[in-house]
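The values are calculated or read from the model by the stated rules, or taken from the named source; none is laboratory data. Remember, predicted model here, so these are calculated numbers, not experimental data. FYI the Cβ positions are ideal-geometry reconstructions off the backbone, even for glycines, and counts take in every protein chain you see.
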Amino acid sequence: MKRTGEPVVSPDGKWILFSLVEPDYDAAKQISDLWIVPSSGSAAARRLTSSKASEASPVWSPDGSRIAFTTRRDGDDAAQIYILPVAGGEAERVTTIAGGASNPQWRPDGQALLFESEFDPIAADRKTRKYNARVFDTFPIRFWNAWLDEKKPHIFIQELRASAAAVDLLKGSKLADSPGFAGIFQTSGGQTLQPIWTPNGQGIVFAAYTNRDETMSAETESHLFIVPVNGGEPRQVTEKGQSYAQPRFAPDAKALYAIHQRNPKPGGLLYSLSRLARFTSPEGGRPVLITEAWDRSVSNFAFSNDSAMIYIDAEDDGYDRLFRMSANGGAVERLFKVERGGYSSVKPVAGGLIARFQTAGQPPEIVKLNPANGSHTMLTNFNQARLEELDLPEPVHFWFTARNGKRIHSVLNLPPAFDKSKKYPLVVFPHGGPNGMSKDAFSTRWNSQLLTSPGYVLLQTNYTGSTGFGEKFADDVERDVLRGPANEILEAINEAVKMYPFIDGARQAAVGASYGGYLMNWFAGSTTQFKCLVNHAGAINNESQYGANDGGLGRELRMGGPVWEKGGQWNDQSPIRYSGAFKTPMLITQGELDFRVPLSESMTTFKILQRRKVPARLVLFPDEGHWILKGENSRLHMQEVLGWLKRYL
């Protein structure tokens, strides 16, 4: 399936720029180019670039005549910024910086770009030293799938005139030289400061951490800073006690907005919604949380061209839905009811709105919306021919009231050639997180259509801890990390079997990854109703995972105290304490470069199953991290999963 990227709208709203990945099991043959399509839908999308290297982070110039993007072409040691005339011509490289360039942003006058690059304070030493060692004085030392080092993100300005050199705005600043300075860590790797120009082009606003070195003793906070383009010490413009990210100015330049999250508080809420904060000045001060009263998280936001309205993407009751509100605050209104698939990345264009739309059987595509009747027109449809060859039944949504009084939502995915008069085995697949949401959406890793393809019904339950159902619902998992969600999932199975006679309740299996894998280990010690389990990257021992993973103080807050006190949930809800009851056959899969749930957790699970003489299979991927992403590895992984299910179902 071809993969359509985020839409980037031209200044006049008439054109949409996006990247398109054309995958291949041979990574050398994968294609990723930039494409363009009129927002009116009057013509088909056309390719703008054709090169071996992939392009990323495309942005329009203020006048809409040029596009800046990052790529690594022949002769580049690292990714650099290129500029392409929209009317035609060759792309021209405008940066040559050793650490590579990312995230270009045009100055309002179109005469300069800001970008980010890794600054390495010991670059010269790396070239001459003969030893190979990692040395740390503070935590964290690694993140998700990568070790951390001395490199930090810096912000550069590149004037677009001949022979102009890029200027590092943070070099030598006390902020950037402080041990706790860091950008926003990205699961894809690296850090970002999310920099943007001030409307007058005289300053840069960005987000950064100042106390990352206190990860094991305090809550780390990301704050907004402003730095003049002619240099100087960056100034923090947000107050301590909260975190801010994704700063953006409204088009009329009268207000600055950012995503806000509260710090966890012992005895209070540990989970925080992402709320929208409004500053009337880039000078900072106390913002107004304009979505304070709205019990949903802001996933993304965009402004109307007149700055009067804000459009919001948010998870809501098992769907990705679109909302709007006054830019000054007030009630949040749903644009239209969504009962199939989901929308994201909403943006205004000439004559309306565009967004990305997807379903469990439809990879994301760019659409133009008609909010009046809740419909859309496809602006891209790259996978139509392949989709027409497949039998992809629509999922079924249902709710029930659990014994704890909570209303619980589930998604039921049906197999191809579905016949309601037949009986089908049930595969239970709880999402990871635990702060996540199962929905009618496409996945390239745990694809619901692949999981149902042998003739299974797939049940995905939004247990306590799931997002999109309110702040308290998501937060409640912190004090009941496994037992409560597991019981809700088991209740959902019983409800599904009662409601849908085509489910064979005598043939059940469960599959989970990350937190879902953690649940698989809990199921192994608490129930024997499953014929088999599939556990990808699942923790088994709260103490050992805490010691070896990349997290900080937050785990202590969730467990109810320091690990040495062994109170709270450290022992009571650690699957290893119940491993004497393990009887269910289990497939265990793991990437060896996973630092969120380290390899030792899967090895421990496998070892205990061997000790208990329970059928088990361990599949390790030496070149993968928390997710199995490479084409051939992904193919083998799904073959192993489906092979294990077939063996026992």
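Can we say SER117 is touching a His at 6+ places or on another chain (Cβ under 8 Å) and buried (at least 20 other Cβ atoms within 10 Å of the Cβ)? Even if it seems obvious, please write down each step before you answer.
Numbers: touching a His at 6+ places or on another chain (Cβ under 8 Å): yes; buried (at least 20 other Cβ atoms within 10 Å of the Cβ): yes.
Judged against the criteria, SER117 is a match.
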If SER39 meets every condition in (1) under 15 Å from SER19 (Cα atoms); (2) polar (S, T, N, Q); (3) surrounded by 16 or more Cβ atoms within 10 Å (Cβ to Cβ) apart from one, which number is that one? (1)
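For the stretch 259-307: of the residues being of a type in the set (D, E, K, R) and free of Cβ contacts under 8 Å to residues at least 24 places away in the same chain, which is nearest to GLY554 (Cα to Cα)?
Step one: of the stretch 259-307, the residues of a type in the set (D, E, K, R) are 262, 265, 275, 278, 283, 286, 292, 295-296, 306.
Now drop any that are not free of Cβ contacts under 8 Å to residues at least 24 places away in the same chain, which leaves 262, 265, 275, 292.
Details: ARG262: 13, LYS265: 10, ARG275: 20, GLU292: 24 Å.
Taking the candidates together, the pick is LYS265.
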Just need a number here: residues in the stretch 519-543 that are in a helix (DSSP H, G or I) and surrounded by fewer than 19 Cβ atoms within 10 Å (Cβ to Cβ). 2
Looking at the stretch 46-73, I want the residues that are more than 19 Å from ALA350 (Cα to Cα) and in the same structural domain as ILE31 (by TED's automatic domain parsing) and have a partner that is among the basic types (Lys, Arg) and modelled with pLDDT of 90 or more with Cβ atoms under 6 Å, at least 6 apart or on another chain. Which pairs are those? ALA53/ARG72; ALA53/ARG73
So, first residue under 11 Å from LEU175 (Cβ atoms) in the stretch 212-240, second residue exposed (fewer than 14 other Cβ atoms within 10 Å of the Cβ), Cβ within less than 7 Å, six or more apart or across chains; the pairs are GLU233/LYS174
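Quick check on GLU471: is it among the acidic types (Asp, Glu) and under 26 Å from the mean Cα position of the chain (by Cα)? Reasoning before the result, please.
Working: among the acidic types (Asp, Glu): yes; under 26 Å from the mean Cα position of the chain (by Cα): yes.
Judged against the criteria, GLU471 is a match.
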What are the pairs, 6+ residues apart or on separate chains, where a residue within the stretch 393-412 that is over 20 Å from THR452 (Cα atoms) and of a type in the set (Phe, Trp, Tyr) has its Cβ under 8 Å from a residue that is at pLDDT 95 or above and in a strand (DSSP E or B)? TRP399/ARG407; TRP399/ILE408; TRP399/HIS409; TRP399/SER410; PHE400/ARG407; PHE400/ILE408; PHE400/SER410
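Might you check whether a residue that is more than 19 Å from the chain's Cα centre (by Cα) and either among the hydroxyl-bearing types (Ser, Thr, Tyr) or within 19 Å of SER443 (Cα to Cα) (or both) occurs anywhere in the stretch 307-318? I'd like the intermediate steps shown before the answer.
Just the residues of the stretch 307-318 that are more than 19 Å from the chain's Cα centre (by Cα), to begin with: 307-311.
With the extra rule that they be either among the hydroxyl-bearing types (Ser, Thr, Tyr) or within 19 Å of SER443 (Cα to Cα) (or both), the set shrinks to 307, 311.
Yes, there is a match, as at least one residue in the stretch 307-318 is more than 19 Å from the chain's Cα centre (by Cα) and either among the hydroxyl-bearing types (Ser, Thr, Tyr) or within 19 Å of SER443 (Cα to Cα) (or both).
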Any residue in the stretch 584-597 that's free of Cβ contacts under 8 Å to residues at least 40 places away in the same chain: show its pairings with residues that are outside any loop (DSSP other than H, G, I, E, B) at Cβ separation under 6 Å, as long as the two are six or more apart or on different chains. GLU592/LEU599; GLU592/LEU620
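At negative phi, surrounded by fewer than 17 Cβ atoms within 10 Å (Cβ to Cβ) and at pLDDT 95 or above: which single residue out of VAL135, VAL167 fits that description?
On inspection, the qualifying residue turns out to be VAL167.
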Can you spot a residue in the stretch 82-93 that is within 30 Å of ASP594 (Cβ to Cβ), among the aliphatic types (A, V, I, L, M) and over 26 Å from the mean Cα position of the chain (by Cα)? no
Within the bounds of the stretch 389-398, is there any residue that is of a type in the set (Phe, Trp, Tyr) and more than 21 Å from the chain's Cα centre (by Cα)? yes
The conditions are (1) closer than 21 Å to ALA68 by Cβ; (2) surrounded by fewer than 18 Cβ atoms within 10 Å (Cβ to Cβ), and PHE249 fails exactly one of them. Which is it? (2)
List every residue pair whose Cβ atoms sit under 9 Å apart, with the two residues 6 or more apart in sequence or on different chains, where the first one lies in the stretch 99-120 and is farther than 14 Å from GLN191 by Cβ and the second, anywhere, is among the basic types (Lys, Arg). TRP106/ARG66; GLY110/ARG66; GLN111/ARG161; ALA112/ARG161; LEU113/ARG107; LEU114/ARG107
Exactly one of (1) surrounded by fewer than 16 Cβ atoms within 10 Å (Cβ to Cβ); (2) in contact with a Gly (Cβ under 8 Å, 6 or more places away or on another chain) is unmet by GLN202. Its number? (2)
Within the stretch 256-293, which residues are within 22 Å of the chain's Cα centre (by Cα) and over 14 Å from ALA474 (Cβ atoms)? TYR257, ALA258, ILE259, HIS260, ASN263, LEU276, ALA277, THR291
Apart from one, (1) under 24 Å from GLU315 (Cα atoms); (2) in contact (Cβ under 8 Å) with a residue 60 or more places away in the chain; (3) crowded, with 17+ Cβ neighbours inside 10 Å; (4) out of contact with any helix residue (DSSP H, G or I) (no Cβ under 6 Å at 6 or more places or on another chain) all hold for PRO425; the odd one out is (1)
Could you grab me the full set of residues in the stretch 215-274 that are of a type in the set (Asp, Glu) and under 23 Å from ALA308 (Cβ atoms)? ASP252
Candidate set from the stretch 619-639 (those that are out of contact with any helix residue (DSSP H, G or I) (no Cβ under 8 Å at 6 or more places or on another chain) and surrounded by 14 or more Cβ atoms within 10 Å (Cβ to Cβ)); member that is nearest to ASP504 (Cα to Cα): HIS637
Applying the selection to the stretch 217-234, what residues are of a type in the set (A, V, I, L, M) and modelled with pLDDT of 95 or more? LEU224, ILE226, VAL227, VAL229
Flag for ASP26 being surrounded by fewer than 18 Cβ atoms within 10 Å (Cβ to Cβ) and under 23 Å from SER634 (Cβ atoms): yes
Subset of the stretch 446-484 [closer than 22 Å to ARG407 by Cβ and part of a loop (DSSP other than H, G, I, E, B)]: TYR463, THR464, GLY465, SER466, THR467, GLY468, PHE469, GLY470, ASP480, VAL481, LEU482
Determine whether the stretch 150-167 contains at least one residue that is touching a helix residue (DSSP H, G or I) at 6+ places or on another chain (Cβ under 6 Å) and closer than 23 Å to GLU233 by Cβ. no
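So, in the stretch 604-618, how many residues would count as being free of Cβ contacts under 8 Å to residues at least 12 places away in the same chain and crowded, with 20+ Cβ neighbours inside 10 Å?
Adding up the residues that qualify gives 0.
Which strands (runs of 3 or more DSSP E) does the stretch 22-132 wholly contain that include 1 or more residues that are in contact with a Pro (Cβ under 9 Å, 6 or more places away or on another chain) and of a type in the set (Val, Ile, Thr)?
Numbers: elements: 31-38, 56-60, 66-71, 80-85, 102-106, 112-119.
Answer list for the stretch 22-132: 31-38, 56-60, 66-71, 80-85.
Which members of the stretch 138-164 meet the condition of being among the polar types (S, T, N, Q), surrounded by fewer than 19 Cβ atoms within 10 Å (Cβ to Cβ) and over 27 Å from ALA548 (Cβ atoms)? Talk me through it step by step, then tell me what you get.
Here is the first cut: in the stretch 138-164, the ones among the polar types (S, T, N, Q) are 138, 145, 158, 163.
From what's left, surrounded by fewer than 19 Cβ atoms within 10 Å (Cβ to Cβ): 138, 163.
Scanning the stretch 138-164 gives a single hit, SER163.
Hey, any hits in the stretch 142-152 for a residue that's outside any loop (DSSP other than H, G, I, E, B) and touching a Gly at 6+ places or on another chain (Cβ under 8 Å)?
Narrowing the stretch 142-152 to residues outside any loop (DSSP other than H, G, I, E, B): 142-143, 146-147, 152.
If we keep only those that are touching a Gly at 6+ places or on another chain (Cβ under 8 Å) too, we end up with 146, 152.
Yes, that holds for at least one residue.
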